[in-house]
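Novice: Take a look at this one; I'll ask things after.
The values are calculated or read from the model by the stated rules, or taken from the named source; none is laboratory data. Because the structure is predicted, anything quoted here is derived from the model rather than measured. Cβ placement follows ideal geometry from the backbone for every residue including glycine, while neighbour counts extend to all protein chains displayed. For the accessible areas, the whole protein counts, side chains as well, though only heavy atoms, and no ligand, DNA or RNA atoms are used. Shrake-Rupley method; radii C 1.70, N 1.55, O 1.52, S 1.80 Å.
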Amino acid sequence: MRRTAARASQPLDTLAKRWKELHDISTQLAKVADLAPEPFDDELAAFPELLGNASDWQRTMAWQGVEDINAMMRPGLSAVGTITARGQDASVPALALWREFHHARETVLALVQPEAA
């Protein structure tokens with residue numbers, strides 16, 4: 001957690017870049033899962049702005065969330081690639097991984113939403 005806290009103090013564009021990279025990876029995953037690629041819409045693109053307005057604890061937790069998503073996606077996509085390389089249908093595990101990504105992403109987005117007054 002200390003390493004995450006240190007990373008959270010880095011410029012916000014670093015985290016925004018990682019956020020975008022994860023979505024690029026999710027596009028690859030969606031193809032394998034036989035899903036239409038999800039657009040990087042205004043809500044997702046607003047993540048850097050939300051981070052800029054977030055408190056320190058929110059930024060720290062957002063970093064941890066993005067790190068966790070990355071830790072799930074990279075090996076998961078590698079495993080899906082291995083299944084595909086063997087000539088097997090990887091759509092079911094890809095869909096399961098995509099759903100996990102989607103849920104985790106929504107959690108991180110909710111975390112940095114402004115608090116209601």
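Novice: Taking region 72-100, which residues are open to solvent by 70 Å² or more (accessible area, probe 1.4 Å) and within 12 Å of the chain's Cα centre (by Cα)?
Specialist: Those that are open to solvent by 70 Å² or more (accessible area, probe 1.4 Å) and within 12 Å of the chain's Cα centre (by Cα): Arg74, Arg99, Glu100.
Novice: Here is a follow-up. Starting from residues that are under 16 Å from the mean Cα position of the chain (by Cα) and at pLDDT below 85, keep the ones in region 9-23 and report whichever is surrounded by the fewest Cβ atoms within 10 Å (Cβ to Cβ).
Specialist: By that ranking, first place goes to Asp13.
Novice: Mind listing whichever residues of region 54-63 are surrounded by 12 or more Cβ atoms within 10 Å (Cβ to Cβ) and among the polar types (S, T, N, Q)?
Specialist: Residues satisfying the conditions are Gln58, Thr60.
Novice: Starting from region 93-117, take each residue that is free of Cβ contacts under 8 Å to residues at least 40 places away in the same chain and list its partners that are among the hydrophobic types (A, V, I, L, M, F, W, C) and open to solvent by less than 30 Å² (accessible area, probe 1.4 Å), counting only C-beta distances under 8 angstrom and pairs at least six apart or across chains.
Specialist: Cβ pairs passing all conditions: Pro93/Val80; Ala104/Ile69.
Novice: Can you go through Thr60, Thr84 and tell me which one is touching a residue at least 24 places away in the same chain (Cβ under 8 Å), assigned to a helix (DSSP H, G or I), among the hydroxyl-bearing types (Ser, Thr, Tyr) and closer than 24 Å to Leu15 by Cα?
Specialist: Checking each option against the conditions leaves just Thr60.
Novice: If a residue must be surrounded by 12 or more Cβ atoms within 10 Å (Cβ to Cβ), part of a helix (DSSP H, G or I) and among the acidic types (Asp, Glu), how many such residues does region 25-53 contain?
Specialist: 1
Novice: Based on this model, can you work out whether Gly81 counts as on the phi > 0 side of the Ramachandran plot and of a type in the set (Gly, Ala, Ser)?
Specialist: Here the answer is no, as Gly81 does not meet what is asked.
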